[in-house]
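The values are calculated or read from the model by the stated rules, or taken from the named source; none is laboratory data. None of these values were measured; they are calculated from a predicted model. Please note: Cβ atoms are built from the backbone with ideal geometry, for glycine as well, and neighbour counts cover all protein chains shown.
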Amino acid sequence: MPLIRAASRAETSDDAPSALTAVREAARAGDAPKLAEILAGGHGLAREAALTSLARLGGEASIAALIEFIGAEDVSLRNAVIETLSSLGAPAIAFIEPVLSDADPNLRIYALGVLENIDDPRAAALALRVALGDPHVNVCAAAADVLARRGTLEMTAALQTVPPRFPGHPFIRFAVRAALQKMGQAADGALG
């Protein structure tokens with residue numbers, strides 16, 4: 001769940017208590033869409049309270065509400081959403097999977113960021129699928145990062161096929177080698 005930080009002066013204005021009241025009421029009612037509305041327009045404590053409430057509610061409605069913010073331009077919001085989705089675990093995978101096919105490579109990378117912290121074999125399987133088929137080298141590198149944490153020895157041979165697809169990008173060799181080492185296979189010599 002997102003970390004709660006001290007309120008700034010702007011967050012302690014006269015509007016803050018009413019925004020927090022709205023969050024409490026929406027949370028009590030289990031109203032994920034209302035919490036998402038507050039998240040979209042909120043700042044500071046109200047935003048953090050909405051994120052925490054969505055995480056506590058859990059379930060498909062909360063995940064669906066959070067997915068809408070995975071590409072937020074506000075970096076702190078986007079990172080908090082990725083963290084919150086990860087905290088919701090395996091149920092988030094079904095909602096993340098379509099994002100892995102989005103035309104925007106950044107959204108695909110953010111979706112992989114969610115999978116990286118979900119301890120479920122499907123997270124690793126999706127990351128491997130992305131690594132093997134995505135046309136964008138940075139997305140494949142992000143998939144290798146997921147596999148470094150979640151991959152299995154059975155996935156190593158397939159992962160070794162990724163760097164040759166990107167001969168002009170030596171960093172993908174490094175990312176895959178690091179993933180292979182963390183997956184338990186000595187990568188020395190495996191990639192030349």
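Which of the residues that make up the range 46-76 are in contact with a Phe, Trp or Tyr (Cβ under 6 Å, 6 or more places away or on another chain) and farther than 15 Å from residue 108 by Cα?
Hit for the range 46-76 is 63, nothing else.
Would it be correct to say that residue 57 is on the phi < 0 side of the Ramachandran plot and buried (at least 22 other Cβ atoms within 10 Å of the Cβ)?
Working: on the phi < 0 side of the Ramachandran plot: yes; buried (at least 22 other Cβ atoms within 10 Å of the Cβ): no.
Criteria not met by residue 57.
Residue check, residue 52 against (1) at negative phi; (2) at pLDDT below 95; (3) not aromatic (Phe, Trp, Tyr), all met but one. Which one?
(2)
Mind checking which helices (runs of 4 or more DSSP H) fall wholly inside the range 107-187 and carry at least 3 residues that are surrounded by fewer than 15 Cβ atoms within 10 Å (Cβ to Cβ), in contact (Cβ under 8 Å) with a residue 60 or more places away in the chain and not assigned by TED's automatic domain parsing to the domain that holds residue 70?
none
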